[in-house]
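Note sheet for the following structure.
The values are calculated or read from the model by the stated rules, or taken from the named source; none is laboratory data. What you are looking at is a predicted structure, and each value in this text was computed from that prediction instead of being measured. A quick note on method: Cβ atoms are made from the backbone with ideal geometry, for glycine too, and the neighbour counts reach across all protein chains shown. For the accessible areas, the whole protein counts, side chains as well, though only heavy atoms, and no ligand, DNA or RNA atoms are used. Shrake-Rupley method; radii C 1.70, N 1.55, O 1.52, S 1.80 Å.
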Amino acid sequence: MKKRYLVLASGEVFEGLAFGAEGEGLGELVFTTNMCGYPETLTDPSYAGQIILQTFPLIGNYGMIPEDYEGECLARGYVVREACDFPSNFRCQGTLDAFLKERGVPGIMGVDTREITRILREEGVTNALICNEVPTDLSRVRAYAVRGAVAAASVKAPEEASCKRERFRVALIDYGAKHNIVRELNKRGCHVTVLPHDTPAGEVLLGGYDGAMLSNGPGDPADNAFEIAQIREIMGRLPVFGICLGHQLMALAQGGTTVKLKYGHRGANQPVRDLLGERTLITSQNHGYAVETDGVPGVLRFVNANDGTFEGVDYPALNAFSVQFHPEACAGPQDTEGLFDRFIAMMGGNAYADA
């Protein structure tokens with residue numbers, strides 16, 4: 001196998017072995033602590049523009065399973081300690097290596113992922129380059145920024161997702177939505193119309209929808225000025241439920257601010273405290289930005305038990321709420337999937353009455 005290198009913007013170089021696609025991968029290097037669910041991770045559009053590092057040491061052991069994909073693979077590279085060449089699972093339809101080759105994503109294995117993760121935790125998320133030859137000039141690596149990620153991740157035209165015994169019509173505004181959001185809505189009797197990220201508010205409000213979902217997605221939330229303005233018009237006129245980037249955009253639409261985290265929350269074991277109850281929930285998360293607690297005219301509902309960051313807000317006067325984590329998590333904990341039931345109730349229904 002050929003040698004390949006992971007070069008950090010600081011100049012640190014890690015030598016490993018090549019797998020996946022040929023060529024270079026330039027992106028923002030982030031780590032995820034998921035022990036399983038790598039097909040869902042690789043197909044999560046929220047990773048657009050990023051190089052994904054898996055902290056779990058063996059990846060690819062059950063192959064790739066298209067039925068579990070959450071969207072298009074928009075990652076810029078993939079870093080693992082060991083990649084399995086011979087997966088074993090009755091649902092397997094291909095190898096990790098073949099998946100990356102088909103999608104033009106370069107990978108590197110055989111590097112010390114623990115050491116790289118420590119660097120990211122201590123020094124923060126950094127740009128990096130996966131390459132076959134170490135460059136002498138790292139200026140383009142240091143200058144890289146994730147731009148236009150929401151436009152790249154969103155559908156280009158409306159898409160319909162029907163279900164049996166449809167009781168509600170939901171507009172899912174797609175900033176990089178995972179497929180499981182649609183599945184969770186469908187199984188609760190919702191016909192879902194997936195709309196492009198730049199759909200004007202007027203089209204949503206005149207579309208005959210019972211509620212609006214704001215999806216997850218990639219990039220800096222503050223870059224989406226048009227989308228924020230549309231959300232401001234929708235809130236208070238339809239029931240609204242926002243997830244991840246949708247949560248951040250709702251807060252910005254109501255006068256809040258966002259901040260980039262040192263290394264983000266990416267994994268399926270993030271504890272979240274419910275401030276209106278006595279429970280701590282285990283959640284799946286994938287984000288590099290957080291909402292600041294000051295300036296949001298809502299009721300603070302959830303906080304991250306590890307670092308105290310803002311994880312959810314209720315807007316009772318606007319018939320809306322949002323969460324930073326993923327209640328549709330798959331693979332991941334299912335502690336919070338009942339939030340979809342709450343959204344159904346906001347639209348005037350019982351989640352499973354006629355589904």
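Before moving on, here are some points about what is shown:
- Residue match in segment 267-286 (condition: touching a helix residue (DSSP H, G or I) at 6+ places or on another chain (Cβ under 8 Å) and open to solvent by 30 Å² or more (accessible area, probe 1.4 Å)): no
Let's see how each residue does on (1) out of contact with any Lys or Arg (no Cβ under 8 Å at 6 or more places or on another chain); (2) outside any strand (DSSP E or B); (3) farther than 15 Å from residue 277 by Cβ:
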{"position": "296", "(1), (2), (3)": "yes, yes, yes"}
{"position": "302", "(1), (2), (3)": "no, no, no"}
{"position": "314", "(1), (2), (3)": "no, no, no"}
{"position": "326", "(1), (2), (3)": "no, yes, yes"}
{"position": "345", "(1), (2), (3)": "yes, yes, yes"}
{"position": "348", "(1), (2), (3)": "yes, yes, yes"}
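- Looking only at residues of segment 180-200 that are charged (D, E, K, R) and open to solvent by 20 Å² or more (accessible area, probe 1.4 Å), we find that the one that is farthest from residue 336 (Cα to Cα) is 198.
- Any hit, segment 62-77, residues being assigned to a loop (DSSP other than H, G, I, E, B), within 25 Å of residue 224 (Cβ to Cβ) and open to solvent by 90 Å² or more (accessible area, probe 1.4 Å): yes
- Per-region count, segment 325-351, residues of a type in the set (A, V, I, L, M, F, W, C) and either under 17 Å from residue 177 (Cβ atoms) or within 17 Å of the chain's Cα centre (by Cα) (or both): 7
- Residue 110, sole failed condition from (1) surrounded by fewer than 15 Cβ atoms within 10 Å (Cβ to Cβ); (2) at pLDDT 95 or above: (1)
- Residue match in segment 30-42 (condition: in contact (Cβ under 8 Å) with a residue 60 or more places away in the chain, open to solvent by less than 10 Å² (accessible area, probe 1.4 Å), of a type in the set (D, E, K, R) and under 20 Å from residue 284 (Cα atoms)): no
- Of all the criteria given as (1) open to solvent by 30 Å² or more (accessible area, probe 1.4 Å); (2) under 15 Å from residue 14 (Cα atoms); (3) touching a strand residue (DSSP E or B) at 6+ places or on another chain (Cβ under 7 Å); (4) not in a loop (DSSP other than H, G, I, E, B), the one not satisfied by residue 127 is (1).
- The set of residues in segment 228-271 being within 17 Å of residue 324 (Cα to Cα), without any contact (Cβ under 8 Å) to a residue 60 or more places away in the chain and part of a helix (DSSP H, G or I) consists of 228, 231, 252, 253.
- Identity of the residue in segment 272-294, closer than 27 Å to residue 232 by Cβ and part of a loop (DSSP other than H, G, I, E, B), that ends up nearest to the chain's Cα centre (by Cα): 292
- Residue count for segment 80-100 satisfying the condition of being within 22 Å of residue 178 (Cα to Cα) and either open to solvent by 60 Å² or more (accessible area, probe 1.4 Å) or out of contact with any Cys (no Cβ under 9 Å at 6 or more places or on another chain) (or both): 4.
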